[in-house]
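Quick notes on the structure that follows.
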Amino acid sequence: MFGFSLTKEQKMVKASFAEVVRDIVAPNAHDMDENREIPADYLEKAWELGACVAAVPGEFGGDGMEYSPMLNAIVLEELAAGDMAFAVAAMLPSIFINPILEMGTDSQKKKYLPASCGEKYQPSTAAVCEPRLDFDAMSLAATATKKNGSYILNGAKCFVPKAASAPNILVAAQLDGKPQLFIVKAGTPGLEVGQREKNIGLYALDTHEITLKDCQIPAEDRLGGEEGCDYARFIQKGRAAVAALAAGECRASFEQARDYAKKRVQFGEPIAYRQSVAFMIAEMAYEVDCIRLLAWKAASALEAGRDATRDAYLAKIYAGETAMKVCDYGVQVLGGHGYIRDYPQERRYRNARGVATWEGIATV
Amino acid sequence: MAFLEPPPDLIKVREGMHNVSASMLRPIARKYDEAEHAYPNELDAFRGIQVMGRAKKKKDGEKKDKPKDPGKIGQNLGTVVTVEEMCWGDCGLMLSIPNAGLGNAAIAAVATDEQLERFGKKWAAMAITEAESGSDAGSISTTADLDGDSWVLNGEKIFVTCADRCDCVVVWATVDKEAGKAGIKSFVVEKGTPGFTLDHLEHKLGIRASDTGTFVLNNCRIPKENILGSPEVKQTTEGFKGVMKTFDNTRPMVAAMAVGVARASLDLTREKLEQAGEKLDYTKSPNNCSARQKDYYMAEATLEAMRLLTWRAAWMADNSDFNNLEASMSKAKAGRGGTLITQKCAEILGPLGITTKELAEKWMRDSKILDIFEGTGQIQHLIIARNVLKLSRSQLQ
């Protein structure tokens, strides 16, 4: 039913993640960023809330609830308001679980879901981005070729979260001119996981380049089997997710700027009393809402089972440009303090740069 | 529930209004842009349709209706969807639809049954602005003095929409200058009343189909019964705040106008791009698009954001949620966004964006007013900032 307010269930889920953010993520975000590490027990806390396995049927170890992209968008925003790197890491298993659940064959579900939906957090991942200037998620340089009942994968990928520790990587590659997804197990000959990347943002999340050199996988490990998968839908869900993450990051930047402007006194009164500052905060306020509503619109289309090509594309392009602007304002309002790493605004500014670029790092 | 797939009822309203707009407004858009101040006779087709109606008055304590059928939409949401479609056809003409003036909205909102009987079927314009009083509506200097059974009005009102075409004007005046905002009341002044003259019509940048005029009130005597609401001057500003609250409903409507005009620009631009062999398919990374395609996508995304803010504000009003902040957000974003989108489309269109053979140049002119009237973008930012920062008017001026 059309509407803008959360249901009881949506509110409950949001509140449970907000609690983890308040108690664990936000207070430790700075240390996680500086130490370039997310402690395992923090991820377990988020895992216990079950968002990644909610829609997986009971027989495969999940909760058998209705699959809801809207609910996932709400969770992603909430976590990213605490820390974006944590949000991506905590929800990473769903980038593997979710496509298998929706598009996998019965045997793929049986083979992969139970192991991914256990008591403990297990980092499965996806490899979509490629290290080239003209990277395009819908037209990949990595290739898959069918040969003697196997697929041979070749190409380079970057920004693959937790590639070094994930038992499975969902690799996007071009097959007969069309992008498809392939399940590549860790240790497969020809799969090389590179050094941990050093990026502008998401310091706490370990990401890697991977290379595939004549990497041979069994034919049954093509997602969806012989018929393949709806790759476009996979990308649409990723774009809605990135917009939802951006909404969270920007919300946090807005809230800190708002609170700071009221406390920071110069020339005898809070800087919030000046229109030049107050108007920036007003703009941040509605831009956060714009990003969220666009993410929700794409998620709603996906939830309704409708083609979300346009909605997801527009949500991501808007979020990419606007997140950069909002987080820029977030630094600016804090002045010199915005530039200092003791405050989270500089981290948000660095993280926001990825929004326009990331593909396939999260899903709704 | 948070779920933004448009319900079937909304789509039905949109399609219906789109047909009306495409067949009745768009074909005469240029004609009345050029024939500034001429009444568009074609709009007589809309006469007799009650646009500004009002729901049955509720008794105290009775809860307002919420839309119960999940497929149905509320009145405010229906209105913003309608307004967007009409303005896609032509914004100036939509503002000229008989009996749909802002004055009609004010009458529908607060008139007594007797007043509704007298003025309900008349075309009512609204006169608030004065030469020295724009956004600061509390500072108006037009006066109304009670003299026996009449009010005597004196002053000058500018920027009155539908000034020439209307039958009567809802005039804001103060009955007690000392009382400040509490002394401001509104009065229905009928055309032909001695002392009430239309001084001149303005020549404008855009929305030229809509006539905008200046009225002079010189010892203009109207019946005592023509005051809207209570004549009593209370020591609070509740009455004035009540009037300002109507902006919470009208601001999303202006935002919807901006969405409609901007969409018209985008639709034309898409058509021309496709004629030139550039298909917009939302699959290519923005990095690999041409500059104008990328600009187009960003403008389209902005349009979507403008519309969602507008729908949210209207949806909240339908659900009796206080939407002062969200109404201003929609107006702030859509007013500015519409201005920028129509400029960008005219730019993308190259020579086709300059010529009057196409409507893109006109939409760029029309759209500008939507960031000005019903509260400028700057006033909206003030309201939003005070809201989110929880600052008073004196703290954030």
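Nothing in this text is a laboratory measurement; each read-out follows from the coordinates by a stated rule. This one's a predicted model, so the numbers in the text were calculated from it and none came from an experiment. Using ideal geometry, Cβ is built from the backbone for each residue, glycine included, and neighbour counts are taken over all protein chains shown.
Once a ≥ b ≥ c are taken as the square roots of the eigenvalues of the Cα gyration tensor of the protein assembly as shown, is the result rounded (a/c under 1.5), prolate (a/b larger than b/c) or oblate (a/b not larger than b/c)? The shape class here is prolate. For chain B, the Cβ-based charge dipole about the Cα centre amounts to some 920 debye (Lys, Arg positive; Asp, Glu negative; other atoms uncharged).
Mind pulling the angle between the C-alpha long axis of helix B:324-348 and the longest principal axis of chain B? Nearest 10 degrees, somewhere in 0 to 90. The angle comes out near 50 degrees.
What's the exposure ranking of A:Met70, B:Met257, going from fewest to most Cβ atoms within 10 Å? Spell out each step's value before the answer.
Details: A:Met70 25, B:Met257 30.
Ordered by Cβ neighbours within 10 Å, fewest first: A:Met70, B:Met257.
In degrees from 0 to 90, rounded to the nearest 10, what is the angle of the helix B:238-275 Cα long axis to the longest principal axis of chain B? The two axes meet at around 20 degrees.
Residues considered: B:Thr214, B:Thr283, B:Thr310. Largest GNM mean-square fluctuation over chain B, using C-alpha springs under 10 Å, is found at B:Thr283. A crude spin-label estimate for the pair A:Asp31 and A:Met65, with each label 7 Å from Cα along the Cβ direction, gives 3.0 nm. Among residues other than B:Arg292 with Cβ under 12 Å from its Cβ, the summed charge is +1 (Lys and Arg +1, Asp and Glu -1). To the nearest 10 degrees, how steep is helix B:8-20 against the longest Cα principal axis of chain B, on a 0 to 90 scale? Roughly 90 degrees between the two axes.
Net charge within 14 Å of A:Glu346 by Cβ-Cβ distance, Lys/Arg positive one each and Asp/Glu negative one each, not counting A:Glu346 itself? Mind showing how you got there, number by number?
Details: positive: A:Arg341, A:Arg347, A:Arg348, A:Arg350, A:Arg353; negative: A:Asp33, A:Glu34, A:Asp83, A:Glu249, A:Asp328, A:Asp342.
Net charge around A:Glu346: -1.
Take the Cβ atoms of A:Asp41 and B:Met1, set R0 to 35 Å, and the FRET efficiency comes out at 0.55.
Please list, by residue number, every one of the chymotrypsin sites (Phe, Trp or Tyr not before Pro) in the range A:217-312 that is coil in DSSP and has at most 13 other beta-carbon atoms within 10 Å. Display every interim value, and only then the final one.
On the way: sites: A:Tyr231, A:Phe234, A:Phe254, A:Tyr260, A:Phe267, A:Tyr273, A:Phe279, A:Tyr286, A:Trp296; in loops: A:Phe267.
For chymotrypsin sites (Phe, Trp or Tyr not before Pro) across the range A:217-312 that sit outside H, G, I, E and B with at most 13 neighbouring Cβ atoms in 10 Å, the list reads A:Phe267.
Counted by Cβ distance under 11 Å from A:Leu302, the other residues give a net charge of 0, where Lys and Arg count +1 and Asp and Glu count -1. Assuming charge only on the beta carbon of Lys and Arg (+1) and of Asp and Glu (-1), the dipole of the range B:238-389 about its Cα centre is about 260 debye to the nearest 20. As a rough footprinting exposure proxy, the listed residues B:Leu217, B:Leu391 were ranked by other beta carbons within 10 Å of their own, and the order from fewest upward is B:Leu391, B:Leu217.
Check every DSSP H run in chain A and write down those whose alpha carbon atoms cover 24 angstrom or more along the long axis and whose mean Kyte-Doolittle hydropathy is 0.5 or greater. Intermediate values should be presented prior to the final figure.
Working: long enough: A:231-263 (49 Å, -0.39); A:275-303 (41 Å, 0.72); A:309-334 (38 Å, 0.15).
Qualifying helices, which must be both long enough and hydrophobic enough, are A:275-303.
Which shape class, rounded, prolate or oblate, goes with chain A when its Cα gyration tensor gives a ≥ b ≥ c as root eigenvalues, a/c under 1.5 marks rounded, and past that a/b bigger than b/c marks prolate? If you can, show how the numbers build up before the last one.
Working: a/c = 1.88, a/b = 1.68, b/c = 1.12.
Verdict is prolate for chain A.
Between A:Arg22 and B:Tyr282, the modelled labels are 3.7 nm apart [label points 7 Å from Cα along Cα→Cβ].
Among the listed pairs A:Lys45/A:Lys111; A:Lys8/A:Lys185; A:Lys45/A:Lys185; A:Lys111/A:Lys147; A:Lys14/B:Lys333, give every one whose C-alpha distance is greater than 32 Å. Could you put the intermediate results ahead of the total?
Values: A:Lys45/A:Lys111 26 Å; A:Lys8/A:Lys185 40 Å; A:Lys45/A:Lys185 26 Å; A:Lys111/A:Lys147 23 Å; A:Lys14/B:Lys333 27 Å.
A:Lys8/A:Lys185, as the Cα separations exceed 32 Å there.
For the range A:100-239, just say rounded, prolate or oblate: build the C-alpha gyration tensor, square-root its eigenvalues into a ≥ b ≥ c, call rounded for a/c under 1.5, and beyond that prolate if a/b exceeds b/c, oblate if not. It is rounded, given that a/c, with a ≥ b ≥ c, falls under 1.5.
What does the highest-first list of B:150-158, A:127-135 look like by mean Cβ count within 10 Å? Can you show the working numbers first?
On the way: B:150-158: 20.6, A:127-135: 17.7.
The peptides rank, most packed first, as B:150-158, A:127-135.
What size of dipole, in debye to the nearest 20, comes out for the range A:125-227 about its Cα centre when the only charges are +1 on Lys and Arg C-beta atoms and -1 on Asp and Glu C-beta atoms? Present the calculation step by step, with values, prior to reporting the outcome.
On the way: 11 positive and 13 negative charges, 39 e Å.
I would put it at about 180 debye.
Springs join every pair of Cα atoms under 10 Å in this Gaussian network model of chain B, and among B:Ser135, B:Ser210, B:Ser367 the largest mean-square fluctuation is at B:Ser135.
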